[in-house]
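Asker: The structure follows.
Read the figures in this text as sums done on the coordinates, not as results from a lab. As the structure is a computational prediction, the values presented were derived from the model and not from experiment. Using ideal geometry, Cβ is built from the backbone for each residue, glycine included, and neighbour counts are taken over all protein chains shown.
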Amino acid sequence: MIKIKKILISQPAPDPEKSPYADIIKKYNVKIDFFKFFKIIGLSAKEFRKQKVNLAESTAIVFTSKNAIDHFFRMCSELRIPVSENLKYFCTTEAIALYLQKYVIYRKRKVFFCNQENNEMLDIIKKHKNEKFLLPCTHGFKTDIPTCLGKENIDCTKAILYKTISEDLNKINIMDYDMFVFFSPSGIKSLYENYPKFDKGEKIIAVFGNTTLDEAHKHGFEPDIIAPSAKCPSMIMAIEAFLEENAKNKKKNNA
């Protein structure tokens, strides 16, 4: 049984009236704070041109994050490249796919998504192997998607459209928290850049997605909460399941 009073979410705070964490705070009597561990800076059109990637040549896009969507459409706008109505979109989660509605009329597009498993994404893409794929991403982004597609002789080009910079975490007292929640590898990188000697110890760490899990392993620890999963497709569900199990164990110990 672990005592959890304070949780730190490595994302900006949501709208209080629409916060998906409100029920968790009330039900489990925990305090949840939000702090973005890194900031996103888009590459300028001039910087992007140095990569010599022609966005207009692609017939399909692989999106692994909402940031990738934002910066793809931003760059197309800055370069005055029209986005073809025939473009196909392949997203690693349903949430990312739904986010496309910010830029396109969803029902008129060909949108495909999976549950953030690269093997599942590959199986979907194989059915469209004649397309010319583009993978918008950040500088230093690590994924085996291009390698997997290359083995299948599927044309895929990476396009670096933005970069991530770690925030100064001295603004918050890290050691005050019992649980940390990460949604991207950049969050974990920022933690260790700010605190190179950070020791997980009894701290509970939750991660979302394969690349975030890989980053955790890179720093030598196994997260306590991993999402998405068959039982918990969202981070909210995964956190609640953990807290519920923890509460049950507490009752058993007090019985």
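Asker: Between ILE61 and residues 5 or more places away or on another chain, which pairs have amide H atoms under 5 Å apart, with H built 1.01 Å from N, and which residues are they?
Answerer: Excluding prolines and chain starts, which carry no amide H, the hits are LYS88, TYR89, PHE90, LEU134.
Asker: Rounded, prolate or oblate for the chain? Axes are the square roots of the Cα gyration tensor eigenvalues, ordered a ≥ b ≥ c, and the cut-off for rounded is a/c under 1.5.
Answerer: Here the chain falls in the prolate category.
Asker: Give me the percent relative contact order of the chain, please, defined on Cα pairs under 8 angstrom at least 6 residues apart.
Answerer: On the way: 401 pairs, mean separation 54.2, N = 255.
Answer for the chain is 21 percent.
Asker: Quick one: in region 1-91, what % of C-alpha pairs are over 16 Å apart? Before the final figure, lay out the partial values.
Answerer: On the way: 2820 of 4095 pairs.
Cα-Cα pairs in region 1-91 separated by more than 16 Å: 69 percent.
Asker: Can you tell me the length gained on complete extension of the stretch ALA230 to ASN249, counting 0.36 nm per residue apart and subtracting the Cα distance?
Answerer: Roughly 4.6 nm would be gained on extension.
Asker: In Å and whole numbers, how far do the C-alpha atoms of region 198-255 stretch along each principal axis, longest first?
Answerer: 40, 28, 13
Asker: Related question: Which of the GluC sites (Glu not before Pro) found in region 204-254 are loop residues per DSSP with 16 or fewer other Cβ atoms within 10 Å of their Cβ? Write down the numbers at each step before the final one.
Answerer: Numbers: sites: GLU215, GLU240, GLU244, GLU245; in loops: none.
Sites meeting the loop and neighbour criteria: none at all.
Asker: Nearest 20 debye, what's the magnitude of the dipole of region 19-148 about its Cα centre given +1 on Lys and Arg Cβ and -1 on Asp and Glu Cβ? Don't jump to the answer; show the numbers that get you there.
Answerer: Values: 23 positive and 13 negative charges, 70 e Å.
I would put it at about 340 debye.
Asker: Also: Rounded if a/c is under 1.5, else prolate if a/b beats b/c, else oblate: with a ≥ b ≥ c from the C-alpha gyration tensor eigenvalues square-rooted, which is region 110-255?
Answerer: Here region 110-255 falls in the oblate category.
Asker: Longer than 21 Å from Cα to Cα, which of LYS52/LYS126; LYS126/LYS158; LYS66/LYS158; LYS66/LYS218; LYS46/LYS110; LYS26/LYS251 are they? Say none if no pair is.
Answerer: Flagged as over cut-off: LYS52/LYS126; LYS66/LYS218; LYS46/LYS110.
Asker: Near the amide H of PHE38, under 5 Å away, which other amide H atoms are found, from residues 5 or more places off or on another chain, if H is placed in the peptide plane?
Answerer: Amide H to amide H, under 5 Å and 5 or more residues apart or across chains, PHE38 pairs with GLU167.
Asker: Using a basic spin-label model with each label point 7 Å from the Cα along Cα→Cβ, how many nm lie between ASN153 and ILE124?
Answerer: If labels sit at ASN153 and ILE124, their model points lie 2.5 nm apart.
Asker: Once the cut-off is 21 Å, how many percent of the Cα-Cα pairs in region 41-164 end up in the long-distance tail?
Answerer: Tail fraction, whole percent: 33.
Asker: Right, here's the next one. From Cα pairs below 8 angstrom and at least 6 apart in sequence, can you work out the relative contact order of region 41-164, rounded to a whole percent?
Answerer: The normalised contact order for region 41-164 reaches 32 percent.
Asker: Sticking with this structure for a sec: Once you charge only the Cβ atoms, +1 for Lys and Arg and -1 for Asp and Glu, what is the size of the charge dipole of the chain about its Cα centre, to the nearest 20 debye?
Answerer: Dipole size: approximately 400 debye.
Asker: Next question, about the same structure. Between GLU193 and THR59, what is 0.36 nm times their sequence separation minus the Cα-Cα distance? Round to one decimal in nm.
Answerer: On the way: separation 134, 0.36 × 134 = 48.24 nm, distance 3.80 nm.
Fully extending the segment from GLU193 to THR59 adds 44.4 nm.
Asker: ASN29 to LYS102: extension gain in nm, 0.36 nm per residue of separation minus the Cα-Cα distance?
Answerer: 22.8 nm
Asker: Need one number: the % of Cα-Cα pairs in region 149-190 sitting beyond the 16 Å mark.
Answerer: It works out to 61 percent of all Cα pairs.
Asker: Run the quick spin-label model on LYS6 and HIS139: label points 7 Å from Cα toward the beta carbon, then report their separation in nm to one decimal.
Answerer: Calculated label separation equals 3.3 nm.
Asker: Within the chain, what percent of beta bridges assigned by DSSP are antiparallel, to the nearest 5?
Answerer: 15
Asker: Measuring from centroid to centroid over Cα atoms, what is the spacing of region 174-238 and region 113-172 in Å?
Answerer: Region 174-238 and region 113-172 have Cα centres separated by 20 Å.
Asker: Among ILE7, VAL104, PHE180, which residue has its Cα positioned farthest towards the positive end of the charge dipole of the chain, with +1 placed on the Cβ of Lys and Arg, -1 on the Cβ of Asp and Glu, and the dipole taken about the Cα centre?
Answerer: VAL104
Asker: Among PHE63, PHE208, PHE48, determine the one that fluctuates most according to a GNM of the chain built with springs between C-alpha atoms less than 10 Å apart.
Answerer: Between PHE63, PHE208, PHE48, it is PHE48 that shows the largest mean-square fluctuation.
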